[in-house]
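*Asks:* Just passing along the structure, written as structure tokens.
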Amino acid sequence: MTQNVKDFTMEKVKELMSVSSCCAEAKQAAQNWLDALGTDQEAAQTKALIAELEEDITTVDGLIAFAESEAGAKVFGAEMAKGLAAHGREIKAAGAKYCDCPACAASAAILEKKAELLGE
């Protein structure tokens, strides 16, 4: 991984960790990755971070489905859930693949560098 990719990823990892919509597991994977930089654990923690982000990132279809569900209405409230579903349909129509909340946006940016991060 080049220094530019490492610097970009460090920025996005810190961004990810700072947002309330980031789950505890992703925060821990991100911290583990930061702690492993420059050590013999860096490659393993890079793989673990990628795996966690791939598991956690919400597709735009998943966002819409959750927002339109009873569970989504309970989490967000009925009106906000309707707005999120509409927003999801808007960004999907514009070509979005993933939810654009801060956690998903940071995760997507990191995952765009997956091949470089893994040295592929």
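The values are calculated or read from the model by the stated rules, or taken from the named source; none is laboratory data. Since the structure is predicted, the reported quantities are computational estimates derived from the model, not experimental observations. Note that we place each Cβ from the backbone using ideal geometry, even for glycine, and neighbour counts take in every protein chain shown. Each accessible area value is taken on the protein alone, full model and side chains, heavy atoms only, with ligands, DNA and RNA left out. Shrake-Rupley method; radii C 1.70, N 1.55, O 1.52, S 1.80 Å.
*Asks:* Looking at this structure, is Ala108 part of a loop (DSSP other than H, G, I, E, B) and modelled with pLDDT of 95 or more? Reasoning before the result, please.
*Replies:* On the way: part of a loop (DSSP other than H, G, I, E, B): no; modelled with pLDDT of 95 or more: yes.
So Ala108 does not fit the description; no.
*Asks:* Still on this structure, I have one more. Hey, among the residues in the range 56-100 that are small (Gly, Ala, Ser) and within 26 Å of Ala115 (Cα to Cα), which one's most open to solvent (accessible area, probe 1.4 Å)?
*Replies:* Looking at the filtered set, the residue picked out is Ala94.
*Asks:* Working carefully through the options Ala108, Ala36, find the one that is more than 19 Å from the chain's Cα centre (by Cα), on the phi < 0 side of the Ramachandran plot and surrounded by 16 or more Cβ atoms within 10 Å (Cβ to Cβ).
*Replies:* None of the other options fit; the residue is Ala36.
*Asks:* Can you find a residue that is touching a Leu at 6+ places or on another chain (Cβ under 8 Å) and under 25 Å from Thr9 (Cα atoms) anywhere in the range 77-85?
*Replies:* Checking the range 77-85: not a single residue is touching a Leu at 6+ places or on another chain (Cβ under 8 Å) and under 25 Å from Thr9 (Cα atoms).
*Asks:* Check whether at least one residue in the range 58-66 is part of a helix (DSSP H, G or I), of a type in the set (Phe, Trp, Tyr) and under 24 Å from Met1 (Cβ atoms), and report yes or no.
*Replies:* No: zero hits.
*Asks:* When the range 19-33 is examined, which residues are found to be buried (at least 17 other Cβ atoms within 10 Å of the Cβ) and at pLDDT 95 or above?
*Replies:* Correct list: Ala26, Lys27, Ala29, Ala30, Trp33.
*Asks:* Are any residues in the range 1-18 modelled with pLDDT under 95 and either within 16 Å of Cys104 (Cα to Cα) or in a loop (DSSP other than H, G, I, E, B) (or both), and if so, which ones?
*Replies:* Met1, Thr2, listed by residue number.
*Asks:* State whether the residues of the range 4-14 include one that is over 25 Å from Ile91 (Cβ atoms), surrounded by fewer than 16 Cβ atoms within 10 Å (Cβ to Cβ) and among the β-branched types (Val, Ile, Thr).
*Replies:* yes
*Asks:* Which ones in the range 44-55 are open to solvent by 40 Å² or more (accessible area, probe 1.4 Å) and in contact (Cβ under 8 Å) with a residue 60 or more places away in the chain?
*Replies:* Step one: filter the range 44-55 for residues open to solvent by 40 Å² or more (accessible area, probe 1.4 Å), giving 44-45, 47-48, 51, 54-55.
Listed by number, the list holds a single entry, Lys47.
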